[in-house]
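Chemist: Structure provided below as C-alpha coordinates; questions to follow.
The values are calculated or read from the model by the stated rules, or taken from the named source; none is laboratory data. Only a predicted model underlies this, so the values are computations on that prediction, with no experimental measurement involved. Backbone-built Cβ (ideal geometry, glycine too); neighbour counts: all protein chains shown. Keep in mind that these areas ignore ligands, DNA and RNA; they rest on the heavy atoms of the full protein, side chains included. Shrake-Rupley method; radii C 1.70, N 1.55, O 1.52, S 1.80 Å.
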Amino acid sequence: MKKIEYILISFLLMMIFKTANSQTRGLEFGDIIWQIQIPDNPGTTLQDKQIRSMKQIPDVNGDNVNDVIIATGNYWTICFNGINGSIIWQYSTHFGSINTGSVEWEDAVAISDVNNDGTYDAVIGCGGGNEMVYALNGINGSVLWSYGNTITTSDGDIEAVNIKYDFSGDGINDALVSASGVTNGGRHAVICLNATNGEVIFYREQPQPFTDDAIATESGGAIGVNNNGAPYTVTGLDTLGNSVWSYTAPGNTWSLKEIPDVNNDGLKDIVGMGGFTGSIYAITGNTGTLIWSRSLGSSNNGKITILDDADANGFADITLSAPQSANRVDSKTGNLIWSNALASSYLRGIDNIGDVTGDSIDDIVIATQLAPRLLVLNGINGNILFDYVFGATLSQRGDRAAVLNDIDTNGVNEFLGGNREGRVICFYGGNGTITSISPSSIQPVNFELHQNYPNPFNPSTNIKFDIAKKSFVNVIVYDALGRELEMLVNEALNPGSYSVVFNGSRLSSGIYYYKIVADEFSDVKKMMLIK
(Lines give C-alpha, C1' and ligand atoms only; values in the text may rest on other atoms or scores of the structure.)
Protein backbone atom coordinates (compact mmCIF):
# COMPACT_ATOMS: atom_id res chain seq x y z
CA MET A 1 0.00 0.00 0.00
CA LYS A 2 1.33 3.42 -0.85
CA LYS A 3 2.43 5.61 2.05
CA ILE A 4 0.00 8.39 1.23
CA GLU A 5 -2.95 5.97 1.23
CA TYR A 6 -1.83 4.51 4.55
CA ILE A 7 -1.74 7.99 6.15
CA LEU A 8 -5.18 8.84 4.83
CA ILE A 9 -6.76 5.60 6.09
CA SER A 10 -5.07 6.07 9.47
CA PHE A 11 -6.52 9.58 9.68
CA LEU A 12 -10.03 8.36 8.95
CA LEU A 13 -9.84 5.50 11.44
CA MET A 14 -8.58 7.81 14.17
CA MET A 15 -11.32 10.33 13.46
CA ILE A 16 -14.01 7.64 13.70
CA PHE A 17 -12.55 6.42 17.00
CA LYS A 18 -12.28 9.89 18.48
CA THR A 19 -15.80 10.86 17.39
CA ALA A 20 -17.21 7.81 19.16
CA ASN A 21 -15.26 8.33 22.36
CA SER A 22 -15.01 12.06 23.04
CA GLN A 23 -16.95 15.27 23.13
CA THR A 24 -15.86 18.77 22.21
CA ARG A 25 -16.90 22.07 23.76
CA GLY A 26 -17.07 25.66 22.67
CA LEU A 27 -14.89 28.42 24.08
CA GLU A 28 -15.27 29.21 27.78
CA PHE A 29 -14.27 32.23 29.84
CA GLY A 30 -10.48 32.45 30.06
CA ASP A 31 -9.76 30.12 27.13
CA ILE A 32 -6.87 31.18 24.92
CA ILE A 33 -8.06 32.48 21.54
CA TRP A 34 -4.56 33.16 20.22
CA GLN A 35 -1.06 33.76 21.48
CA ILE A 36 2.06 35.11 19.83
CA GLN A 37 5.73 35.65 20.56
CA ILE A 38 7.26 39.02 19.69
CA PRO A 39 9.64 38.38 16.77
CA ASP A 40 13.35 39.09 16.73
CA ASN A 41 14.37 42.41 15.24
CA PRO A 42 16.98 41.52 12.59
CA GLY A 43 18.53 44.98 12.85
CA THR A 44 19.93 44.41 16.34
CA THR A 45 21.45 41.82 18.64
CA LEU A 46 19.52 43.33 21.57
CA GLN A 47 16.34 41.26 21.65
CA ASP A 48 14.63 42.80 24.65
CA LYS A 49 11.06 41.69 23.91
CA GLN A 50 9.45 43.30 26.93
CA ILE A 51 5.96 44.63 26.18
CA ARG A 52 6.30 48.38 26.81
CA SER A 53 2.86 49.44 25.59
CA MET A 54 -0.19 47.46 24.42
CA LYS A 55 -3.38 49.15 23.24
CA GLN A 56 -6.24 48.22 21.01
CA ILE A 57 -6.83 50.23 17.84
CA PRO A 58 -10.16 50.40 16.01
CA ASP A 59 -10.27 47.96 13.06
CA VAL A 60 -7.54 48.85 10.54
CA ASN A 61 -7.82 45.91 8.12
CA GLY A 62 -11.55 45.87 7.40
CA ASP A 63 -12.54 42.65 9.19
CA ASN A 64 -14.82 44.49 11.67
CA VAL A 65 -12.71 43.49 14.69
CA ASN A 66 -10.43 45.87 16.59
CA ASP A 67 -6.71 45.23 16.29
CA VAL A 68 -3.77 45.64 18.71
CA ILE A 69 -0.76 47.98 18.74
CA ILE A 70 2.24 46.72 20.73
CA ALA A 71 5.54 48.52 21.34
CA THR A 72 8.50 46.47 22.56
CA GLY A 73 11.98 46.84 23.98
CA ASN A 74 13.57 45.45 20.80
CA TYR A 75 12.47 48.56 18.89
CA TRP A 76 9.29 47.23 17.30
CA THR A 77 5.91 48.87 17.03
CA ILE A 78 3.67 46.12 15.64
CA CYS A 79 0.01 46.04 14.64
CA PHE A 80 -1.51 42.60 15.29
CA ASN A 81 -4.78 41.28 13.88
CA GLY A 82 -7.33 41.14 16.70
CA ILE A 83 -8.93 37.97 15.33
CA ASN A 84 -5.88 35.70 15.19
CA GLY A 85 -2.74 37.59 16.27
CA SER A 86 -1.16 37.67 12.83
CA ILE A 87 1.03 40.69 11.99
CA ILE A 88 -0.66 43.38 9.90
CA TRP A 89 2.39 45.66 9.86
CA GLN A 90 5.51 46.41 11.88
CA TYR A 91 7.80 49.43 12.22
CA SER A 92 11.31 49.44 13.68
CA THR A 93 12.88 52.42 15.43
CA HIS A 94 16.32 50.80 15.24
CA PHE A 95 18.18 52.53 12.42
CA GLY A 96 21.67 51.19 13.11
CA SER A 97 22.90 54.64 14.10
CA ILE A 98 22.64 57.04 17.02
CA ASN A 99 19.00 57.58 16.04
CA THR A 100 17.95 54.31 17.68
CA GLY A 101 15.64 53.79 20.63
CA SER A 102 12.38 52.15 21.61
CA VAL A 103 9.13 53.30 23.16
CA GLU A 104 9.96 53.48 26.88
CA TRP A 105 6.63 54.45 28.48
CA GLU A 106 3.18 52.90 28.30
CA ASP A 107 1.41 56.17 27.53
CA ALA A 108 3.98 57.22 24.93
CA VAL A 109 1.65 55.49 22.46
CA ALA A 110 -1.56 57.27 21.44
CA ILE A 111 -4.27 56.03 19.07
CA SER A 112 -6.02 58.62 16.90
CA ASP A 113 -7.05 59.24 13.27
CA VAL A 114 -4.44 61.93 12.61
CA ASN A 115 -4.72 62.01 8.80
CA ASN A 116 -8.53 62.08 8.84
CA ASP A 117 -8.91 59.12 6.47
CA GLY A 118 -11.40 57.23 8.64
CA THR A 119 -8.80 54.74 9.95
CA TYR A 120 -7.07 55.23 13.29
CA ASP A 121 -3.29 55.66 13.42
CA ALA A 122 -0.61 55.16 16.08
CA VAL A 123 1.51 58.05 17.34
CA ILE A 124 4.55 56.87 19.28
CA GLY A 125 7.26 58.60 21.28
CA CYS A 126 10.67 56.99 21.78
CA GLY A 127 13.54 57.20 24.22
CA GLY A 128 17.13 56.01 24.32
CA GLY A 129 19.05 57.44 21.37
CA ASN A 130 15.94 58.11 19.29
CA GLU A 131 13.85 60.66 21.21
CA MET A 132 11.54 61.15 18.24
CA VAL A 133 7.78 61.21 17.76
CA TYR A 134 6.39 59.22 14.81
CA ALA A 135 2.86 59.16 13.42
CA LEU A 136 2.36 55.72 11.86
CA ASN A 137 -0.38 55.05 9.32
CA GLY A 138 -2.82 52.60 10.88
CA ILE A 139 -3.39 50.79 7.59
CA ASN A 140 0.22 49.92 6.72
CA GLY A 141 2.58 51.36 9.37
CA SER A 142 4.19 53.91 7.05
CA VAL A 143 5.44 57.15 8.61
CA LEU A 144 2.94 59.98 8.12
CA TRP A 145 5.26 62.48 9.85
CA SER A 146 8.00 62.58 12.46
CA TYR A 147 9.21 65.16 14.95
CA GLY A 148 12.64 65.48 16.56
CA ASN A 149 16.32 65.65 15.79
CA THR A 150 17.80 62.50 14.25
CA ILE A 151 21.41 63.38 15.05
CA THR A 152 21.28 64.05 18.80
CA THR A 153 21.02 61.70 21.77
CA SER A 154 20.52 64.20 24.60
CA ASP A 155 17.13 65.72 23.82
CA GLY A 156 15.47 63.51 26.44
CA ASP A 157 13.00 60.64 26.27
CA ILE A 158 9.43 61.14 25.13
CA GLU A 159 7.51 60.35 28.32
CA ALA A 160 3.93 60.75 27.05
CA VAL A 161 1.88 61.41 23.92
CA ASN A 162 -1.69 62.52 24.63
CA ILE A 163 -4.15 63.22 21.80
CA LYS A 164 -7.45 64.46 23.16
CA TYR A 165 -8.12 68.12 22.26
CA ASP A 166 -7.85 70.31 19.15
CA PHE A 167 -5.37 73.10 19.90
CA SER A 168 -4.95 74.29 16.30
CA GLY A 169 -8.65 74.66 15.46
CA ASP A 170 -8.52 72.43 12.36
CA GLY A 171 -11.07 69.96 13.72
CA ILE A 172 -8.50 67.22 14.46
CA ASN A 173 -7.16 66.58 17.96
CA ASP A 174 -3.50 67.45 18.39
CA ALA A 175 -0.63 65.72 20.19
CA LEU A 176 0.52 67.03 23.56
CA VAL A 177 4.00 65.62 24.20
CA SER A 178 6.10 65.40 27.35
CA ALA A 179 9.79 65.55 26.39
CA SER A 180 12.09 64.94 29.32
CA GLY A 181 15.67 66.15 29.49
CA VAL A 182 18.86 65.95 31.47
CA THR A 183 20.21 68.24 34.17
CA ASN A 184 22.54 70.06 31.74
CA GLY A 185 20.64 70.39 28.49
CA GLY A 186 17.89 68.50 26.76
CA ARG A 187 14.45 69.76 25.93
CA HIS A 188 12.58 69.26 29.26
CA ALA A 189 9.53 70.75 27.58
CA VAL A 190 5.85 70.33 26.91
CA ILE A 191 5.30 70.38 23.15
CA CYS A 192 2.05 70.55 21.21
CA LEU A 193 2.25 69.09 17.70
CA ASN A 194 -0.30 69.45 14.93
CA ALA A 195 -1.44 65.85 14.57
CA THR A 196 -2.01 66.15 10.83
CA ASN A 197 1.58 67.12 9.95
CA GLY A 198 3.76 67.18 13.09
CA GLU A 199 4.31 70.94 12.99
CA VAL A 200 4.87 72.66 16.35
CA ILE A 201 1.84 74.55 17.71
CA PHE A 202 3.65 75.54 20.90
CA TYR A 203 6.89 74.62 22.65
CA ARG A 204 7.16 75.48 26.34
CA GLU A 205 10.42 74.63 28.07
CA GLN A 206 9.99 73.82 31.75
CA PRO A 207 12.31 75.19 34.45
CA GLN A 208 12.75 71.68 35.87
CA PRO A 209 15.08 69.33 33.95
CA PHE A 210 12.81 66.26 33.97
CA THR A 211 9.22 65.79 32.83
CA ASP A 212 6.72 63.03 33.56
CA ASP A 213 3.24 62.26 32.27
CA ALA A 214 1.25 64.91 30.41
CA ILE A 215 -2.42 65.25 29.47
CA ALA A 216 -4.50 67.58 27.36
CA THR A 217 -7.55 68.95 29.18
CA GLU A 218 -10.47 71.22 28.42
CA SER A 219 -8.56 74.00 30.21
CA GLY A 220 -5.36 73.38 28.22
CA GLY A 221 -3.29 70.65 29.83
CA ALA A 222 -1.08 69.50 32.69
CA ILE A 223 2.41 68.03 32.95
CA GLY A 224 4.42 66.48 35.76
CA VAL A 225 7.91 67.94 36.29
CA ASN A 226 10.75 67.39 38.78
CA ASN A 227 14.39 68.17 39.54
CA ASN A 228 15.56 64.55 39.54
CA GLY A 229 14.06 64.60 43.01
CA ALA A 230 11.87 66.87 45.09
CA PRO A 231 10.11 69.17 44.63
CA TYR A 232 7.72 67.25 42.41
CA THR A 233 5.17 69.41 40.63
CA VAL A 234 2.17 69.21 38.35
CA THR A 235 2.07 72.31 36.18
CA GLY A 236 -1.19 73.48 34.64
CA LEU A 237 -1.23 74.90 31.11
CA ASP A 238 -3.63 77.13 29.21
CA THR A 239 -4.55 76.42 25.59
CA LEU A 240 -1.40 78.25 24.44
CA GLY A 241 0.86 76.16 26.64
CA ASN A 242 1.56 78.87 29.19
CA SER A 243 1.97 77.80 32.84
CA VAL A 244 -1.05 79.02 34.83
CA TRP A 245 -1.01 76.96 38.07
CA SER A 246 1.16 74.59 40.05
CA TYR A 247 0.44 71.72 42.42
CA THR A 248 3.14 70.23 44.66
CA ALA A 249 2.83 66.50 44.07
CA PRO A 250 3.84 63.69 46.48
CA GLY A 251 6.31 62.16 43.99
CA ASN A 252 7.13 61.58 40.33
CA THR A 253 3.94 62.00 38.33
CA TRP A 254 3.63 58.57 36.81
CA SER A 255 0.07 59.09 35.55
CA LEU A 256 -2.45 61.88 34.98
CA LYS A 257 -6.04 61.47 33.80
CA GLU A 258 -8.85 63.95 33.22
CA ILE A 259 -12.09 63.01 34.99
CA PRO A 260 -15.64 64.38 35.04
CA ASP A 261 -16.25 67.27 37.46
CA VAL A 262 -16.06 66.04 41.08
CA ASN A 263 -16.09 69.37 42.96
CA ASN A 264 -19.25 70.75 41.28
CA ASP A 265 -17.63 73.82 39.70
CA GLY A 266 -18.78 72.82 36.20
CA LEU A 267 -15.27 71.99 34.95
CA LYS A 268 -13.50 68.68 34.49
CA ASP A 269 -10.89 67.74 37.08
CA ILE A 270 -7.65 65.72 37.17
CA VAL A 271 -6.54 62.62 39.06
CA GLY A 272 -2.86 61.88 39.45
CA MET A 273 -0.61 59.16 40.83
CA GLY A 274 2.90 59.83 42.04
CA GLY A 275 6.02 58.45 43.54
CA PHE A 276 6.86 55.13 45.12
CA THR A 277 4.25 55.44 47.89
CA GLY A 278 1.21 54.84 45.70
CA SER A 279 -0.01 58.38 46.32
CA ILE A 280 -3.13 59.31 44.38
CA TYR A 281 -4.91 62.63 44.38
CA ALA A 282 -7.62 64.68 42.71
CA ILE A 283 -7.05 68.33 41.81
CA THR A 284 -9.20 70.91 40.05
CA GLY A 285 -8.58 71.07 36.32
CA ASN A 286 -8.41 74.87 36.11
CA THR A 287 -6.46 75.82 39.26
CA GLY A 288 -4.69 72.67 40.51
CA THR A 289 -6.33 72.98 43.92
CA LEU A 290 -6.25 69.75 45.94
CA ILE A 291 -9.63 68.02 46.33
CA TRP A 292 -8.48 64.82 48.06
CA SER A 293 -5.43 62.56 48.38
CA ARG A 294 -4.51 59.17 49.84
CA SER A 295 -1.64 56.66 49.78
CA LEU A 296 -1.95 53.05 48.65
CA GLY A 297 1.46 51.88 49.88
CA SER A 298 4.69 50.81 48.21
CA SER A 299 4.46 51.28 44.44
CA ASN A 300 6.32 51.29 41.15
CA ASN A 301 5.40 53.34 38.07
CA GLY A 302 2.02 52.66 36.48
CA LYS A 303 -1.13 54.26 35.12
CA ILE A 304 -4.61 55.28 36.22
CA THR A 305 -7.64 53.72 34.51
CA ILE A 306 -11.15 55.20 34.59
CA LEU A 307 -14.07 52.91 35.51
CA ASP A 308 -17.83 53.31 35.82
CA ASP A 309 -19.69 54.15 39.04
CA ALA A 310 -19.81 50.96 41.17
CA ASP A 311 -20.90 52.69 44.37
CA ALA A 312 -23.71 54.56 42.54
CA ASN A 313 -22.86 58.00 43.95
CA GLY A 314 -22.94 59.64 40.51
CA PHE A 315 -19.16 59.84 40.02
CA ALA A 316 -16.75 57.62 38.09
CA ASP A 317 -14.38 55.27 39.92
CA ILE A 318 -10.69 54.77 39.20
CA THR A 319 -8.20 51.92 39.48
CA LEU A 320 -4.47 51.86 38.85
CA SER A 321 -1.40 49.77 38.28
CA ALA A 322 1.76 50.49 40.34
CA PRO A 323 0.83 49.50 43.93
CA GLN A 324 1.17 45.99 45.33
CA SER A 325 -2.58 45.71 45.77
CA ALA A 326 -5.54 46.17 43.45
CA ASN A 327 -7.87 49.01 44.42
CA ARG A 328 -11.11 50.57 43.30
CA VAL A 329 -11.33 54.21 44.38
CA ASP A 330 -14.22 56.68 44.29
CA SER A 331 -13.11 59.71 42.27
CA LYS A 332 -15.40 62.04 44.25
CA THR A 333 -13.97 61.36 47.71
CA GLY A 334 -10.86 59.21 47.28
CA ASN A 335 -12.48 56.54 49.44
CA LEU A 336 -11.65 52.89 48.81
CA ILE A 337 -14.57 50.91 47.44
CA TRP A 338 -12.54 47.71 47.76
CA SER A 339 -8.93 46.52 47.90
CA ASN A 340 -7.38 43.12 47.15
CA ALA A 341 -3.75 42.35 48.08
CA LEU A 342 -3.55 39.58 45.42
CA ALA A 343 -0.49 37.94 47.09
CA SER A 344 1.64 39.57 44.38
CA SER A 345 4.27 42.25 44.11
CA TYR A 346 3.71 45.28 41.93
CA LEU A 347 0.84 45.61 39.48
CA ARG A 348 2.48 46.45 36.15
CA GLY A 349 -0.47 46.59 33.78
CA ILE A 350 -4.18 47.32 34.09
CA ASP A 351 -7.24 47.99 31.96
CA ASN A 352 -11.01 48.34 32.12
CA ILE A 353 -12.42 45.35 30.23
CA GLY A 354 -16.06 46.30 30.62
CA ASP A 355 -18.65 43.98 32.10
CA VAL A 356 -17.68 40.31 31.63
CA THR A 357 -19.86 39.01 34.48
CA GLY A 358 -23.24 40.37 33.41
CA ASP A 359 -23.70 42.49 36.57
CA SER A 360 -23.52 45.85 34.69
CA ILE A 361 -20.31 46.93 36.46
CA ASP A 362 -16.91 47.30 34.77
CA ASP A 363 -14.43 44.51 35.54
CA ILE A 364 -10.64 44.83 35.58
CA VAL A 365 -7.72 42.95 34.01
CA ILE A 366 -4.33 43.18 35.76
CA ALA A 367 -0.78 41.99 35.00
CA THR A 368 1.42 41.40 38.06
CA GLN A 369 5.17 41.20 38.54
CA LEU A 370 5.69 38.35 41.03
CA ALA A 371 4.13 35.89 40.80
CA PRO A 372 3.95 36.61 37.05
CA ARG A 373 0.20 36.51 36.47
CA LEU A 374 -2.71 37.89 34.50
CA LEU A 375 -5.84 38.36 36.61
CA VAL A 376 -9.42 39.40 36.02
CA LEU A 377 -11.13 40.93 39.05
CA ASN A 378 -14.83 41.37 39.66
CA GLY A 379 -15.49 45.09 39.51
CA ILE A 380 -18.02 45.02 42.34
CA ASN A 381 -15.87 43.43 45.06
CA GLY A 382 -12.37 42.77 43.67
CA ASN A 383 -12.72 38.98 43.83
CA ILE A 384 -10.55 37.02 41.40
CA LEU A 385 -12.48 35.66 38.42
CA PHE A 386 -9.51 34.47 36.39
CA ASP A 387 -5.87 33.71 37.17
CA TYR A 388 -3.31 32.84 34.49
CA VAL A 389 0.32 32.20 35.47
CA PHE A 390 3.02 33.27 32.98
CA GLY A 391 5.77 31.51 34.91
CA ALA A 392 7.69 31.66 38.18
CA THR A 393 10.57 34.11 37.70
CA LEU A 394 11.01 37.87 37.33
CA SER A 395 12.03 37.39 33.69
CA GLN A 396 8.49 36.09 33.05
CA ARG A 397 6.69 38.89 34.89
CA GLY A 398 3.38 40.19 33.65
CA ASP A 399 3.97 43.61 32.11
CA ARG A 400 0.85 44.81 30.33
CA ALA A 401 -2.89 44.12 30.29
CA ALA A 402 -5.43 45.42 27.79
CA VAL A 403 -8.99 45.05 26.56
CA LEU A 404 -9.94 43.87 23.06
CA ASN A 405 -13.49 44.73 22.13
CA ASP A 406 -15.73 41.70 21.61
CA ILE A 407 -14.25 39.55 18.82
CA ASP A 408 -17.30 37.31 18.44
CA THR A 409 -19.92 40.10 18.84
CA ASN A 410 -21.65 38.43 21.80
CA GLY A 411 -21.53 41.64 23.83
CA VAL A 412 -18.60 40.61 26.08
CA ASN A 413 -15.03 41.88 25.56
CA GLU A 414 -11.92 39.76 25.26
CA PHE A 415 -8.72 40.62 27.17
CA LEU A 416 -4.96 40.57 26.56
CA GLY A 417 -1.88 39.91 28.65
CA GLY A 418 1.75 40.54 27.72
CA ASN A 419 4.86 39.59 29.66
CA ARG A 420 8.59 40.32 29.99
CA GLU A 421 9.51 37.50 27.59
CA GLY A 422 7.44 39.02 24.78
CA ARG A 423 4.53 36.61 25.01
CA VAL A 424 1.13 38.09 24.20
CA ILE A 425 -2.05 36.08 24.81
CA CYS A 426 -5.64 36.90 23.86
CA PHE A 427 -8.20 35.33 26.21
CA TYR A 428 -11.88 34.75 25.62
CA GLY A 429 -14.10 37.03 27.70
CA GLY A 430 -16.91 34.48 27.93
CA ASN A 431 -20.63 35.00 27.56
CA GLY A 432 -21.25 37.03 30.71
CA THR A 433 -21.68 34.02 33.02
CA ILE A 434 -18.62 33.09 35.06
CA THR A 435 -18.78 29.52 36.37
CA SER A 436 -15.18 28.80 37.33
CA ILE A 437 -11.84 30.44 37.97
CA SER A 438 -9.28 30.21 35.20
CA PRO A 439 -9.72 26.84 33.49
CA SER A 440 -6.76 27.74 31.28
CA SER A 441 -4.41 28.46 34.21
CA ILE A 442 -4.71 24.95 35.69
CA GLN A 443 -1.97 22.55 34.59
CA PRO A 444 -3.58 19.87 32.40
CA VAL A 445 -3.53 16.34 33.76
CA ASN A 446 -3.90 14.79 30.30
CA PHE A 447 -2.65 15.43 26.82
CA GLU A 448 -5.48 16.62 24.59
CA LEU A 449 -6.02 18.05 21.13
CA HIS A 450 -9.16 20.21 20.99
CA GLN A 451 -11.44 20.90 18.08
CA ASN A 452 -10.40 24.01 16.19
CA TYR A 453 -12.45 27.20 16.61
CA PRO A 454 -14.14 28.52 14.59
CA ASN A 455 -15.03 25.51 12.47
CA PRO A 456 -15.84 25.85 9.60
CA PHE A 457 -13.41 28.75 9.21
CA ASN A 458 -12.31 31.40 6.71
CA PRO A 459 -9.43 32.04 6.50
CA SER A 460 -8.01 31.56 10.03
CA THR A 461 -8.79 29.24 12.91
CA ASN A 462 -7.41 28.54 16.38
CA ILE A 463 -6.05 25.13 17.34
CA LYS A 464 -5.83 24.51 21.08
CA PHE A 465 -3.97 21.64 22.77
CA ASP A 466 -3.03 20.61 26.31
CA ILE A 467 0.39 19.33 27.37
CA ALA A 468 0.47 17.33 30.61
CA LYS A 469 4.25 17.20 31.03
CA LYS A 470 7.28 18.74 29.36
CA SER A 471 7.47 17.25 25.86
CA PHE A 472 8.73 17.86 22.37
CA VAL A 473 5.60 18.78 20.43
CA ASN A 474 4.72 18.70 16.74
CA VAL A 475 1.46 20.12 15.41
CA ILE A 476 1.11 19.62 11.67
CA VAL A 477 -1.62 20.42 9.14
CA TYR A 478 -2.30 18.00 6.26
CA ASP A 479 -4.58 18.09 3.25
CA ALA A 480 -7.17 15.39 2.53
CA LEU A 481 -4.54 13.29 0.73
CA GLY A 482 -2.22 13.28 3.73
CA ARG A 483 0.28 15.77 2.32
CA GLU A 484 1.94 17.98 4.91
CA LEU A 485 0.96 21.63 4.44
CA GLU A 486 2.36 23.43 7.47
CA MET A 487 4.29 22.68 10.66
CA LEU A 488 2.59 24.87 13.26
CA VAL A 489 4.59 23.72 16.29
CA ASN A 490 8.00 22.05 16.41
CA GLU A 491 9.54 22.64 19.84
CA ALA A 492 9.79 21.53 23.45
CA LEU A 493 6.92 22.89 25.57
CA ASN A 494 6.31 23.02 29.30
CA PRO A 495 3.03 21.72 30.75
CA GLY A 496 0.10 23.98 29.95
CA SER A 497 -2.66 24.88 27.53
CA TYR A 498 -1.60 26.31 24.18
CA SER A 499 -3.27 27.77 21.11
CA VAL A 500 -1.86 28.33 17.63
CA VAL A 501 -3.38 30.00 14.60
CA PHE A 502 -3.67 28.29 11.23
CA ASN A 503 -4.19 30.61 8.27
CA GLY A 504 -5.72 28.94 5.22
CA SER A 505 -5.89 32.04 3.01
CA ARG A 506 -3.74 30.40 0.32
CA LEU A 507 -5.80 27.19 0.27
CA SER A 508 -9.03 26.28 -1.45
CA SER A 509 -12.22 25.26 0.35
CA GLY A 510 -12.27 21.71 1.64
CA ILE A 511 -11.49 19.26 4.43
CA TYR A 512 -8.13 19.45 6.19
CA TYR A 513 -6.58 17.56 9.10
CA TYR A 514 -4.33 18.62 11.97
CA LYS A 515 -2.23 16.22 14.01
CA ILE A 516 -0.38 16.47 17.30
CA VAL A 517 2.50 14.29 18.46
CA ALA A 518 3.74 14.91 22.03
CA ASP A 519 5.66 12.37 24.07
CA GLU A 520 3.72 9.13 23.47
CA PHE A 521 0.47 10.98 22.73
CA SER A 522 -0.87 11.37 19.20
CA ASP A 523 -4.21 12.58 17.89
CA VAL A 524 -5.79 13.89 14.69
CA LYS A 525 -8.81 16.09 14.07
CA LYS A 526 -10.66 17.32 11.02
CA MET A 527 -11.47 20.91 10.11
CA MET A 528 -13.30 22.56 7.23
CA LEU A 529 -12.27 25.65 5.27
CA ILE A 530 -15.15 27.40 3.49
CA LYS A 531 -14.48 30.41 1.28
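Chemist: Using only the heavy atoms of the protein chains and a 1.4 Å probe, how would ILE361, ILE201 rank by accessible area, largest first?
Modeler: Ranked list, largest accessible area first: ILE201, ILE361.
Chemist: Regarding the chain, what is the average projected area of its C-alpha convex hull, in nm²?
Modeler: 25.2
Chemist: Here is a follow-up. Taking the Cα centroid of the stretch 75-91 and of the stretch 265-325, what is the distance between the two, rounded to the nearest whole Å?
Modeler: Rounded to whole Å, the Cα centres lie 32 Å apart.
Chemist: Separate question: For the stretch 377-512, how big is Rg over Rh, using alpha carbon atoms and the Kirkwood form of Rh?
Modeler: 0.99
Chemist: Considering all projection directions equally, how large on average is the shadow of the alpha-carbon convex hull of the stretch 317-386, in square nanometres?
Modeler: Its Cα hull, projected and averaged over all orientations, spans 4.1 nm².
Chemist: Let me ask you something else. Taking only the Cα atoms of the stretch 78-231, how large is their convex hull per residue, in Å³?
Modeler: 117
Chemist: Could I ask something else about it? Would you mind calculating the relative contact order of the chain from Cα pairs under 8 angstrom and at least 6 residues apart, reporting the percent as a whole number?
Modeler: In percent, rounded to a whole number, it is 11.
Chemist: Going 7 Å from the Cα of LEU240 along its beta-carbon direction, which residues of the stretch 201-215 have the amide nitrogen within less than 14 Å of the resulting point?
Modeler: Within reach of a label on LEU240, which here means backbone N under 14 Å from a point 7 Å along Cα→Cβ, the stretch 201-215 contributes 202-204.
Chemist: Enumerate by residue number the GluC sites (Glu not before Pro) in the stretch 478-526 meeting two conditions: DSSP loop (anything except H, G, I, E, B), and at most 10 other Cβ atoms within 10 Å of the site's Cβ.
Modeler: Counting only loop positions with at most 10 other Cβ atoms within 10 Å, the GluC sites (Glu not before Pro) in the stretch 478-526 are GLU520.
Chemist: I would also like to ask the following. Quick one: length gained pulling ALA480 to SER154 fully straight, 0.36 nm per residue minus the C-alpha distance?
Modeler: 111.3 nm
Chemist: How far is helix 3-21 tilted, in degrees, relative to the longest principal axis of the Cα atoms in the chain, given as a value from 0 to 90 rounded to the nearest 10?
Modeler: With both axes taken from Cα atoms, the answer is about 70 degrees.
Chemist: Take the Cα gyration tensor of the stretch 214-273, multiply each eigenvalue by 5, square-root it, and list the three semi-axes largest first, rounded to whole angstrom.
Modeler: 20, 13, 9
Chemist: Moving to a separate point now. Considering only protein heavy atoms and a 1.4 Å probe, what is the carbon-and-sulfur percentage of the accessible area of the stretch 245-292?
Modeler: Of all accessible area on the stretch 245-292, carbon and sulfur atoms account for 57 percent.
Chemist: If every alpha-carbon in the stretch 230-346 counts as one equal scatterer, what log10 I(q)/I(0) does Debye give at q = 0.15, 0.22 1/Å?
Modeler: Here the Debye-derived log intensity ratios amount to -0.62, -1.25.
Chemist: Moving on to the next point. Placing +1 on the Cβ of each Lys and Arg and -1 on the Cβ of each Asp and Glu in the chain, which of SER344, ASN490, TYR388 has its Cα farthest towards the positive end of the resulting dipole?
Modeler: The listed residue farthest towards the positive side: ASN490.
Chemist: Please work out the Cα center distance from the stretch 104-169 to the stretch 375-409, rounded to the nearest Å.
Modeler: 28
Chemist: Can you list residues whose amide H is under 5 Å from ILE57's amide H, if they're 5+ apart or on another chain and H is modeled 1.01 Å from N?
Modeler: HN-HN under 5 Å from ILE57: ASP67, VAL68, ILE69.
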